[in-house]
Amino acid sequence: MHWRQPEIKRTKTVCTYCGVGCSFEMWTRDRHILKVQPVAEAPANGISTCIKGKFAWDFVNSEKRLTMPLIRENGRFREAGWDEALDLVARRLIETRDKYGADSLGFIGSSKASNEEAYLTQKIARLIIGTNSVDNSSRYCQNPATKGLFRTVGYGGDAGSIEDIQKAEVVVIVGSNTAENHPVIASRIKAAQKLHGQKVIVIDPRKHEMAERADIYLKPKASTDLILASALSRYMFDNGYADQQFLDKWVNQVDEYRESLEPFTLEFAEEKTGISRQELIDTAEMIGKAGSVSLLWAMGITQHSHGSDTSTALSNLLVVTGNYGKPGTGGYPMRGHNNVQGASDFGCLRNMYPGYEKVTDDSARERWAKGWGVDKERLSDKVGEGNFLMVQSAEKEKLKAMYVIGEETAFSDADSANVHSAFEKLDFMVVQDIFMSRTAEFADVVLPGCPSVEKEGTFVNTERRIQRFYEVMPPLGDSRPDWCILTDLAARMGYDWGYTHPSQIMEECASISPLFAGVTYERLEGWKSLQWPVKADGSDSPLLYTEGFHSEDGKASLYPLEWKEPDEAPDEKYRFSLDNGRMLEHFQATNQTGRGPRIWDEAPGWFVEVSPELAAEKGIEDGTWVCLSSRRDSIEVRALVTSRVSGDTLFLPIHQGKPGVNALTGEHHDPDVDTPAYKETAVNLEVLDRE
Ligand code: SF4
C-alpha cells in the first residue's frame, strides 16, 4: 500500500458535532474520506474523539446534498442558477424592508457555520436591512446560561478550559448528559477520577453514565434545581465554607444575596427537591471542603421556564465558595452545537454586536458604524427579536420575511405545529442549507451551502477556543461556501465588500471588536488556537477572572433569586414528566448522522424510556407501542424499559420522529431570554394495541 501514500491528502479540520471542538486530520483521496486521524497537537482533545467525530462524515458525499439553488414556483421547487436565485432573494429582502420596515425581517444564523459566516449574517441584518432581529440556536439552549454568567461574573463563556475541568478537585455536573453530549470532556473527567481521585457529583433526574460513575448522585424532582443550588449556598454561609476573603475583595451584593437565601433551608430543600437532608449535607460538605470546584451544566438546567435564574443560582454558588479565577475552578455551560458559542460571539444575537457589545450602547454603536463606514444613525439601537419571538411575530403576520441558515427551526423549536403555521404565513422565506431540511420545505428559495470540510473558516468551542479549519475537498456541484453566498448577496443589495477569503472577515471583526483585537489567521495557523478575549498583542485567556471580573468595577455580583413554580407540571390529566435530550450517535434532526450506515446502524430506532415501575404498572415491555399526548399534540413511539429513568419520568430523544418531540413541547418559555421550556412537558401515556 505504500505506493498509494502520495495520493492521500491530510487536512486539519474541526468536528462539527459538539462544543468540545475536537480537531483532527482528515485523510482523503479526492472526495473519499479514508480516515479521521486524531493528533496529539489538537488543543481540546489530543488523540481522543468520539464515534461522531470519527465516523459521521458519510453525509458529505450523500446523493441527497443540495447542489443547485431551488426556487419555489406553483408550489414546487425547480432548479435555478445562482444569478437568478440571488437576484430574487436580494430584490425580495429589499422590497420587504421598504414596504414593511426593517423589523419585518428576521435572520437566523447557523450555529454550525463559521464565525465569519455568523459575522456576515449579522452584518447583512444590521447594516443592509437595518434590523437587530438576528439570532442563532443558542436561543433554544444556552442563552439562559449566558444570562446567568452575565449577571454574576460578566463574560458569556466558560470560565476556564477543559484542562481546568480535569484539574478540579470536585466536578459538579448538573443537567448535563456529558458522556453522550460532550464525550471527550466526559473521558477527561473519567481519567481525572482515576489519576488524581477527582470527586464527581451528578445532579440529574436521569441516571445516565456519569451518574453511574459519580461519588454522589442526586435525583431532584423536576424544576427544583434552583432550590438545591440556593440551599447549598446558604449552607456554605451557615457553616463557614463561604470564602470570606474572596467575597470581601471581589464580590458585590453579598449581604443582599445572603438575606435572599433565608427561605432556602435544608428542610425546605428536602421537601421540594425530594433529596434527603443527609444527602444535601454530604454534597455541601464535599463542595465546601474542596480546594477547587468546576461546575458543568447544560440543557437540563437551561430549558426551563426559569432557566436563567437556575443558571444564576449555580454561578452564585461558585462565587460564594470562591470558585472562580483559580485553576480547576469555574462555571462551564456545556455548549451543544460545534459553533453555538461562536455564532453568539460573532453577533448573531438580537441585542449584541460581535464581542457582546450591546446595540443599545451608544459608544459601541458608534464604533461599529465607523468600522462599517456609515453614520451611527444607520444602525438600529432597538433590541430585535430572537428565533422564538420571530416565530411568534410570523404567526401574527408582523414578521414578513425570514432568512434561515443551517438551522432546523421547523423541527427544533417548541410546539412545531405552531412553527409550521407561522412559516406558512411568511411572505418570503430563504433557507440556506446543505440538505432539503424540514425547514427548507417551507422556503421560497433554497440556497445550497457547504459543510465545513468544503470551506475555510474558524469555530469557537465551549472553552472559548478559536480554531481554524481548512478546505478538505472542493464544494460539491454548484454548492458554495456560505460566506461566499452572503458576500455575493450583499453585493446584489448594493454592498460590495469584496471579501475573497474568510481571513479578511476576521481581520475586519478584530479591528472593531475589543474581544477579538489580537485574532489573526496567522496566530491560528495549523493547530494553534486562541481563547478569547484576545488582546492586540495576541495574548489570550485560557482562564478568566484571574485579575478581576468583567464588570465596571472588576467585581463579581451575587444575584438574589426567588424560586418560582414551573409553567407546566404534571397533573391528573397529564401525569408524566417528559424529559428529552440527545443521544451519543446522533445530531439535531439526523440530517447528517442519518446519511450513512456507520452511524445509523448503531442507533436506527426511536424510543421512549420508561421506568421499570411504570412498565410493571402498565404492562409495558421493550418494543411496546405507546402513545404520548401533551396539551399540544400526540406521537406514537416504541417503549424501552430502563432504570435510567424512574417513577413517572419519561425520556425521549430529540433526533427522530415525524413529528418529533416538539409536537409535544409548548410555547411556555423563560421570560428573561425567551428560551422554550422544553424540559417542562407534561404528557399522558397510553399503551397501544399495535405490533
Ligand atoms: Fe466531535 Fe464532540 Fe465527539 Fe469531539 S466529542 S469528536 S467534538 S462530537
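Table for the structure above
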item: Dipole of the chain, positive direction: furthest Cα of CYS348, SER529, ASN115, with charges on the beta-carbon; result: SER529
item: Of all DSSP beta bridges in the chain, antiparallel share, percent nearest 5; result: 50 percent
item: Neighbour-count ranking [beta-carbon atoms within 10 angstrom, fewest first] of CYS50, CYS18; result: CYS50, CYS18
item: Antiparallel DSSP beta bridges within the stretch 576-687, as percent of all bridges there, nearest 5; result: 60 percent
item: Hypothetical label at VAL374: residues of the stretch 118-133 whose amide nitrogen lies under 16 Å (7 Å Cα-Cβ projection); result: 119-133
item: Gain on full stretching of the segment that runs from ARG638 to GLU565 - 0.36 nm per residue minus C-alpha separation; result: 23.1 nm
item: Pair-distance profile P(r), taking every C-alpha pair of the stretch 638-691, with 10 angstrom steps and integer %; result: 18, 46, 29, 6, 1
item: Residues of the stretch 306-346 with amide N under 17 Å of a point placed 7 Å along Cα→Cβ from ASN252; result: 316, 319-320
item: Distance between modelled label sites at LYS425 and LYS9, nm, 7 Å Cα→Cβ extension; result: 4.8 nm
item: R0 of 35 Å, Cβ-Cβ distance ASP361-ARG523: FRET efficiency to nearest 0.05; result: 0.80
item: Those aspartates and glutamates that a straight Cα-Cα span of less than 14 Å connects to LYS396, excepting residues fewer than 8 apart in one chain; result: ASP103, GLU385, GLU424, ASP427
item: Cα-based reach from LYS54 at 18 Å (exclusive), listing aspartates and glutamates while leaving out same-chain residues under 8 positions away; result: GLU25, GLU41, GLU180, GLU454, GLU471, GLU585, ASP601, GLU602
item: Contact order normalised by residue count of the chain, Cα under 8 Å, 6+ apart, percent; result: 20 percent
item: Those aspartates and glutamates that a straight Cα-Cα span of less than 17 Å connects to LYS249, excepting residues fewer than 8 apart in one chain; result: GLU547, GLU552, ASP553
item: Contact order normalised by residue count of the stretch 143-334, Cα under 8 Å, 6+ apart, percent; result: 37 percent
item: Added length on full extension, which subtracts the Cα-Cα distance from 0.36 nm per residue, ARG76 to GLN193; result: 36.5 nm
item: Residue order, fewest to most surrounding Cβ atoms within 10 angstrom, among LYS12, LYS64; result: LYS64, LYS12
item: Mean-position separation - Cα centroids, the stretch 536-558 and the stretch 157-172, in angstrom; result: 17 Å
item: Projected label distance in nm at GLU471 and GLU572, using a 7 Å step from Cα toward the beta-carbon; result: 6.6 nm
item: Under 5 Å, built H, 5+ apart or other chain: amide partners of VAL172; result: ILE201, SER294, LEU295, LEU296
item: Summed side-chain charge close to GLY623 - residues other than GLY623 whose Cβ falls under 15 Å, Lys, Arg +1, Asp, Glu -1; result: -3
item: Cut-off 11 Å between beta-carbons: net charge of the residues surrounding TYR521, Lys and Arg +1, Asp and Glu -1; result: -2
item: Unit charges at the beta carbon, dipole of the stretch 576-687: most positive-side option, VAL641, PRO597, ALA663; result: PRO597
item: Helix-only CD estimate at 222 nm, as mean residue ellipticity for the chain, using -39500 (n - 2.57) per DSSP H run (n ≥ 4); result: -8500 deg cm²/dmol
item: Footprinting exposure proxy for ILE287, ILE128 (fewest neighbouring C-beta atoms within 10 Å first); result: ILE128, ILE287
item: Charged-residue dipole, Cβ positions (Lys, Arg, Asp, Glu), the chain about Cα centre, Debye nearest 20; result: 1580 debye
item: Unsatisfied cross-links (Cα-Cα over 26 Å) in the set LYS99/LYS358; LYS167/LYS289; LYS112/LYS679; LYS219/LYS573; result: LYS99/LYS358
item: Computed FRET value (nearest 0.05) for ASP215 with GLU262, which takes r as the C-beta separation and R₀ as 45 Å; result: 0.90
item: Around GLY660: net Lys/Arg minus Asp/Glu count, Cβ-Cβ under 14 Å; result: -1
item: R0 of 56 Å, Cβ-Cβ distance GLU163-GLU691: FRET efficiency to nearest 0.05; result: 0.60
item: Relative contact order (percent, whole number), the stretch 148-203, Cα cutoff 8 Å, 6+ residue spacing; result: 38 percent
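Values in this text are rule-based calculations from the coordinates and carry no lab data. Everything quoted here is computed from the prediction, not taken from an experiment. Quick reminder, even Gly has a Cβ in these numbers, built from the backbone with ideal geometry, and neighbours come from all protein chains shown.
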